[in-house]
Amino acid sequence: MARPLSEEKRDAILAAAAELIAALGLGASTAKIAKAAGVAEGTLFTYFPTKDDLLNQLFLEIETDLAAAVLAAGPAGSDPRDRVRQLWDRMIDWGLANPVRRKALRQLKVSGRIRADILRRFDVQFREARAVVEQSLAGHCDPARMPFYIDTVLLGLAEIVMDAITANPKDQEPIRQAGFDLFWKGTAA
């Protein structure tokens with residue numbers, strides 16, 4: 001009878017993959033990932049049959065963690081600007097608290113190796129956050145531009161703000177506020 005898989009080994013493999021992908025990109029070998037996780041390369045393939053399976057699971061786990069952070073319960077009934085600001089702050093907080101996972105996620109998003117079914121799951125996870133932003137921007141911005149504002153401007157500015165805060169941690173609040181103001185004022189119709 002086969003031995004049950006260990007959750008600790010699985011988590012160690014995923015953590016090592018995030019670290020090495022953040023540091024080396026998608027070229028990080030499974031041998032290096034296994035070594036960093038403290039397991040044999042064959043053991044890695046027991047948990048993840050292919051490198052792409054590992055990459056897709058890592059993407060899904062990071063996105064699930066990010067979605068949980070962004071969608072954490074916040075005060076209800078606030079005005080549209082405040083609702084978007086709450087999501088903004090949660091996204092920034094997650095990125096600052098998880099720099100390795102954030103960097104690995106950036107690599108994974110542009111890799112072309114994430115399967116369509118995993119990307120659909122990602123879209124479902126963020127549907128609620130997107131709906132909050134869309135509802136909050138309704139009447140504030142041109143509806144035809146909303147996908148661009150959310151998918152490109154909001155996420156791009158968040159990355160820039162996280163990088164700026166990382167470089168200048170003592171200026172965290174002014175940088176965070178300036179980034180949000182740039183988004184909110186820039187989306188005004």
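Data overview
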read-out: Residue count for segment 89-130, restricted to those that are without any contact (Cβ under 8 Å) to a residue 24 or more places away in the chain, within 24 Å of Leu24 (Cα to Cα) and of a type in the set (Val, Ile, Thr); value: 1
read-out: All positions within segment 140-151 that are under 20 Å from the mean Cα position of the chain (by Cα) and surrounded by 15 or more Cβ atoms within 10 Å (Cβ to Cβ); value: Tyr149, Ile150
read-out: Helices (runs of 4 or more DSSP H) lying entirely in segment 3-55 (those with 1 or more residues that are touching a residue at least 40 places away in the same chain (Cβ under 8 Å)); value: 7-24, 41-47
read-out: Test for Ile160: is it out of contact with any Lys or Arg (no Cβ under 6 Å at 6 or more places or on another chain) and surrounded by 14 or more Cβ atoms within 10 Å (Cβ to Cβ); value: no
read-out: Selection from segment 127-181 of residues that are basic (Lys, Arg) and under 18 Å from Arg102 (Cα atoms); value: Arg176
read-out: Among the residues listed as Leu137, Leu105, Leu87, Leu154, the single one being surrounded by 18 or more Cβ atoms within 10 Å (Cβ to Cβ) and more than 20 Å from the chain's Cα centre (by Cα); value: Leu137
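Residue by residue, here is whether (1) in the same structural domain as Thr64 (by TED's automatic domain parsing); (2) within 21 Å of Ile62 (Cβ to Cβ); (3) not in a helix (DSSP H, G or I) holds:
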{"position": "Asp93", "(1), (2), (3)": "yes, yes, no"}
{"position": "Val100", "(1), (2), (3)": "yes, yes, no"}
{"position": "Leu105", "(1), (2), (3)": "yes, yes, no"}
{"position": "Ile114", "(1), (2), (3)": "yes, yes, yes"}
{"position": "Ala131", "(1), (2), (3)": "yes, no, no"}
{"position": "Arg145", "(1), (2), (3)": "yes, no, no"}
{"position": "Thr152", "(1), (2), (3)": "yes, yes, no"}
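The values are calculated or read from the model by the stated rules, or taken from the named source; none is laboratory data. Please read these numbers as outputs of a predicted model, since none were measured by experiment. Cβ: placed from backbone, ideal geometry, glycine included. Neighbour counts: every protein chain shown.
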